[in-house]
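The values are calculated or read from the model by the stated rules, or taken from the named source; none is laboratory data. On a predicted model such as this, the values are computed, not experimentally measured, just so you know. Reconstructed Cβ throughout: ideal geometry from the backbone, glycine too, with neighbour counts over all protein chains shown.
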Amino acid sequence: MGIIRQIWLGGLIVCLLLLFCGGARAGELSERLDNFPQWEKISSLQPAKGDLVYPDWMLGEWQVTSTLVELVAPLAPDIVTPGFTSNRQYLHVPVKFHVKFIRQQPMSEVPNVVADRSFNGLSLARAYLGNETVIAVRTDPNSPNRQVTFLRGERQLVSIVTDRGVEITPDGKFITSEAFQQLFRGGTRPYFNSVESTTAYRKLSTSNPAIAAEQVTAVYLSPQDPDYFRAGVHPVALYRYRLQFFRSD
């Protein structure tokens, strides 16, 4: 179970790679961040279609510093995820990695800024799990919604985006939210969980860092879990991060 615990934390921040366009009620995502940790499963996200178009100010290569600033188990002590206790070791510990946002030109459309998902996925996974553990990360060429992380020992983590939403606030924040399913293969039995991440990006007036973000990731039990009906729409783990983006030379 050790590798699963680590993958959970690494997977929580994968939203930087897998976000896609969708709608949400005006103001709902920003309200959701303000109401942390009083969360329930969001219901107004739309089915995942296409790729997320990021603001032009996110174009380029960045060094990101991610810091876990708070973690909550809302249903403890009755229900606690296997990785929650071990993830306390990351509290207030900065983790650094590189990400890219690139121009992509869809057919008959103007170029858009999108995440370089395969590059970002490998960078993120190795930052949390180590170079020797992570062999490769591949995004399905036919669907940006599906990504597979290949791990040592013929193990895999499959992440599939199912729903997402986007919101732009009056003060210029770019807020995204996505729900995705994770499947871990290679253990004695496959392991499933459901994750929802909401991230608010903000362009700063400074260049060092140039972008700041707040991210909250909620872990929900999958229907395969025996405690699924006890948990209902409530998350079993919540993780709040602070992100800083520095221009990479």
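Within 22 Å of Glu132 (Cα to Cα), assigned to a loop (DSSP other than H, G, I, E, B), in contact (Cβ under 8 Å) with a residue 60 or more places away in the chain and not basic (Lys, Arg) - does that describe any residue in region 154-173? The answer is no, given that none of the residues of region 154-173 is within 22 Å of Glu132 (Cα to Cα), assigned to a loop (DSSP other than H, G, I, E, B), in contact (Cβ under 8 Å) with a residue 60 or more places away in the chain and not basic (Lys, Arg).
Conditions tested, residue by residue: (1) within 27 Å of Leu151 (Cβ to Cβ); (2) modelled with pLDDT under 90; (3) surrounded by fewer than 16 Cβ atoms within 10 Å (Cβ to Cβ).
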residue: Val166; (1), (2), (3): no, no, no
residue: Phe180; (1), (2), (3): yes, yes, no
residue: Arg189; (1), (2), (3): yes, yes, yes
residue: Ser197; (1), (2), (3): yes, no, no
residue: Ser207; (1), (2), (3): no, yes, yes
residue: Thr217; (1), (2), (3): yes, no, no
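Output the residue which, of all residues in region 43-100 that are outside any loop (DSSP other than H, G, I, E, B) and among the aromatic types (Phe, Trp, Tyr), is surrounded by the fewest Cβ atoms within 10 Å (Cβ to Cβ). My answer is Trp57.
If the condition is being part of a loop (DSSP other than H, G, I, E, B) and either among the β-branched types (Val, Ile, Thr) or closer than 15 Å to Pro141 by Cβ (or both), then region 109-125 contributes Val110, Asp116.
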